[in-house]
Every structure is written in C-alpha cells, then in structure tokens.
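S.K.: Okay, here's the structure, questions in a sec.
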Amino acid sequence: MKITKIALGLFTAATVFMVGCSATQSVSEESLGLRSTSLYSEVDVIPVKTEYIKNAAGESQLIDRAFENAPPMIPHNVEGMLPITINNNACTGCHTPGVAESMNATAIPKSHFTNFRPDTSLAKNGRITKEGKEVTNTSDFKVIGKPLTKVSGTRFNCSQCHVPQTITGTAPINEFQVNFRTQGHNKKSNLIDNINEGVNTIK
Ligand code: HEC
Ligand code: HEC
C-alpha cells in the first residue's frame, strides 16, 4: 500500500515536471543541426573547403598516433605522389628502411615486410593445402608470419591506410584522449613485437 502511494507520488511529480518543461522550453529546428543555415534548403549551401596540409615532405611535423599501433597520418602533402600504381610508388622512395633514416623519414616497419598469409593451393584430390600441408579445416591452420625482403603486396597501397589530414576545423570538437600502454607510442609503433609476443616461447 505504502509503495503504491510512493509510486503514485513520483508519477505525479514527474508529470508536473514534464508539463513544466514543455511549457518553458522550445528548440527551433534550425538550431538542431551543426550547420548554421536552413535545414530545408540547399540553395547557397557551400560546404567548408577541404584543405590539406601544405608542408612538403621533410618540412612537416609528425602527428601523434590516434591510438596504440594506429597507422600514422601523413603529415606532409602528397601532391604528385598519388595515385600509387604498380610501377610507381613514391612513398617507398623515401620510407624504405635504409633510405628513410637519411631522409629523416620514419622507416616502413617490419610488419609491412611480413607475409601473414599462408601459401594456399588446391591439391589434385580437391583438398586445400596450406604451406604444403593438406588441411581438413582451414581454420585449424595457424597463421604464420614470414619475413619478406620486399614490402608485402597487402601493404603496397600505402594510402589505403595512411592518409593526409585536412586543416579544416571539426564540428563538434574531437575530445578523444588516448592512453598509451607504453611511453613514446604516440610517435612509434611496435605491432610486430605485439604479434610475436609469446610466439617465440612456443617450442
Ligand atoms: C620526399 C620524401 C618523401 C616521400 C616521397 C614521402 N614521404 Fe612520408 N615522410 C617523409 C618525411 C621526411 C617525413 C617526416 C616528417 C617530415 O619531415 O615532413 C614523413 C612522414 C610520413 C609519415 C608519418 C610517420 C610518423 O612517424 O608519424 C607517414 C605516415 C608518411 N610520411 C607516409 C607517406 C606516404 C604514404 C607517402 C606516399 C604517398 C609518403 N609518405 C611519401 C618523406 C617522404
Ligand atoms: C593495410 C594497412 C596499411 C598499409 C597498406 C600500409 N600501412 Fe603503414 N602502417 C599501418 C599500421 C596499422 C601501422 C602501425 C602498426 C605497425 O607498425 O604495423 C603502420 C605503420 C607505418 C609507419 C610507422 C612505423 C613506425 O615505426 O612507427 C610507417 C612509416 C608506415 N606505416 C609507412 C607505410 C608506407 C610507406 C606504406 C606503403 C608502402 C604503408 N605504410 C602501407 C598500416 C598500413
């Protein structure tokens, strides 16, 4: 009985509160969006111009990584470097280990020189063969990382993952803050070490 009374009381209070709110608060539809123009007409609506960082390679500032082992953003302009084609990859010209150090560019990491895909073929008897071994269930096959001397084909198209940044402000402001597990990971990656963690100990 008592509980019912309390519930009824709360219900009444909430109703009064809601009625009170609707009487005093009103929000115009125009103020709901992020743009400051009418929501009902596209006439004269001009999107903010997308502008990219103008600094040339060698004259830009590195951008902090968005999270641990995130692909770093390209801090310099990429004019004349894109699109990457099978015969022309300007990025490797400066980022290949051995060259990169003298260019003051971050070297392409080991993960990009690793083949994570086992050689797969179909045997004559119709069975799937991985790394020369017939497998009944392909998911039973453990993924292996084989070091490569060239950038893996899966990493050749750099701009698939690394992109230049626009210098246009964002609305709303990005307040994301990242906590790196290890100091310095805002400027470097260690994905291959993470992948290999524990692997060496398995004998
Ligand atoms: C002319 C040499 C050159 C070329 C070509 C070049 N880069 Fe760079 N890149 C640099 C240098 C030098 C830096 C270091 C920042 C600076 O000094 O501007 C850098 C920085 C970067 C970074 C940031 C690395 C980090 O540690 O945060 C990425 C990612 C990157 N470049 C990707 C690319 C991609 C992708 C391409 C091809 C579209 C490319 N670069 C072409 C020289 C080059
Ligand atoms: C499939 C996505 C992908 C492609 C394609 C790719 N990268 Fe990366 N890249 C990453 C990721 C993820 C990381 C961070 C983790 C790691 O080290 O692998 C990274 C890291 C890097 C770093 C920073 C290394 C360090 O020590 O901090 C450089 C430089 C780089 N990539 C250059 C390149 C260049 C140049 C190409 C093209 C030849 C390329 N990447 C292609 C995903 C990619």
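The values are calculated or read from the model by the stated rules, or taken from the named source; none is laboratory data. Note that this is a predicted model, so its numbers are computed, not measured. With ideal geometry, Cβ positions are generated from the backbone for all residues, glycine too; neighbour counts draw on all protein chains shown.
S.K.: Name every residue in the stretch 84-96 that is part of a loop (DSSP other than H, G, I, E, B), near ligand 1 (Cβ under 9 Å from one of its atoms) and either under 21 Å from the mean Cα position of the chain (by Cα) or of a type in the set (A, V, I, L, M, F, W, C) (or both), in order of residue number.
M.R.: Answer for the stretch 84-96, where residues must be part of a loop (DSSP other than H, G, I, E, B), near ligand 1 (Cβ under 9 Å from one of its atoms) and either under 21 Å from the mean Cα position of the chain (by Cα) or of a type in the set (A, V, I, L, M, F, W, C) (or both): just I84.
S.K.: Name every residue in the stretch 104-114 that is touching a Gly at 6+ places or on another chain (Cβ under 7 Å) and either of a type in the set (D, E) or surrounded by fewer than 16 Cβ atoms within 10 Å (Cβ to Cβ) (or both), in order of residue number.
M.R.: The one that is touching a Gly at 6+ places or on another chain (Cβ under 7 Å) and either of a type in the set (D, E) or surrounded by fewer than 16 Cβ atoms within 10 Å (Cβ to Cβ) (or both): N104.
S.K.: Additional query: I'd like the full set of residues that are in a loop (DSSP other than H, G, I, E, B) and under 15 Å from the mean Cα position of the chain (by Cα), limited to the stretch 158-173.
M.R.: Of everything in the stretch 158-173, those that are in a loop (DSSP other than H, G, I, E, B) and under 15 Å from the mean Cα position of the chain (by Cα) turn out to be C161, H162, V163, Q165.
S.K.: So which of I63, I128 is surrounded by 14 or more Cβ atoms within 10 Å (Cβ to Cβ) and either of a type in the set (F, W, Y) or more than 8 Å from ligand 1 (Cβ to nearest atom) (or both)?
M.R.: I128
S.K.: State which residue is modelled with the highest pLDDT when the search covers only the stretch 12-44 and only residues that are among the β-branched types (V, I, T) and farther than 15 Å from A171 by Cβ.
M.R.: V43
S.K.: Additional query: How about the stretch 182-203: which of its residues are at pLDDT below 85 and either within 9 Å of ligand 2 (Cβ to nearest atom) or β-branched (V, I, T) (or both)?
M.R.: Passing the criteria: V199, T201, I202.
S.K.: Can you confirm whether A90 is surrounded by 14 or more Cβ atoms within 10 Å (Cβ to Cβ), free of Cβ contacts under 8 Å to residues at least 60 places away in the same chain and near ligand 2 (Cβ under 8 Å from one of its atoms)?
M.R.: So A90 does not fit the description; no.
S.K.: Inside the stretch 23-58, can you point out the residues that are more than 32 Å from the chain's Cα centre (by Cα) and either under 30 Å from I74 (Cα atoms) or in a loop (DSSP other than H, G, I, E, B) (or both)?
M.R.: Q25, S26, V27, S28, S38, Y40, S41, V43, D44 - these are the residues of the stretch 23-58 that are more than 32 Å from the chain's Cα centre (by Cα) and either under 30 Å from I74 (Cα atoms) or in a loop (DSSP other than H, G, I, E, B) (or both).
S.K.: In addition: Is there any pair linking a residue in the stretch 57-85 that is more than 12 Å from ligand 2 (Cβ to nearest atom) to one that is among the aromatic types (F, W, Y), with Cβ under 7 Å and at least six apart or on different chains, and which?
M.R.: Sorted first by the residue in the stretch 57-85, then by its partner, the pairs are N77/Y52.
S.K.: Another question, if that's okay. Tally up the residues in the stretch 98-125 that are in contact (Cβ under 8 Å) with a residue 12 or more places away in the chain and either assigned to a helix (DSSP H, G or I) or within 16 Å of ligand 1 (Cβ to nearest atom) (or both), please.
M.R.: Summing the residues that are in contact (Cβ under 8 Å) with a residue 12 or more places away in the chain and either assigned to a helix (DSSP H, G or I) or within 16 Å of ligand 1 (Cβ to nearest atom) (or both) in the stretch 98-125 gives 11.
S.K.: Could I ask something else about it? Might you let me know whether the stretch 147-155 holds any residue that is of a type in the set (S, T, Y), away from ligand 1 (no atom under 16 Å from the Cβ) and exposed (fewer than 13 other Cβ atoms within 10 Å of the Cβ)?
M.R.: Yes, the stretch 147-155 has at least one match.
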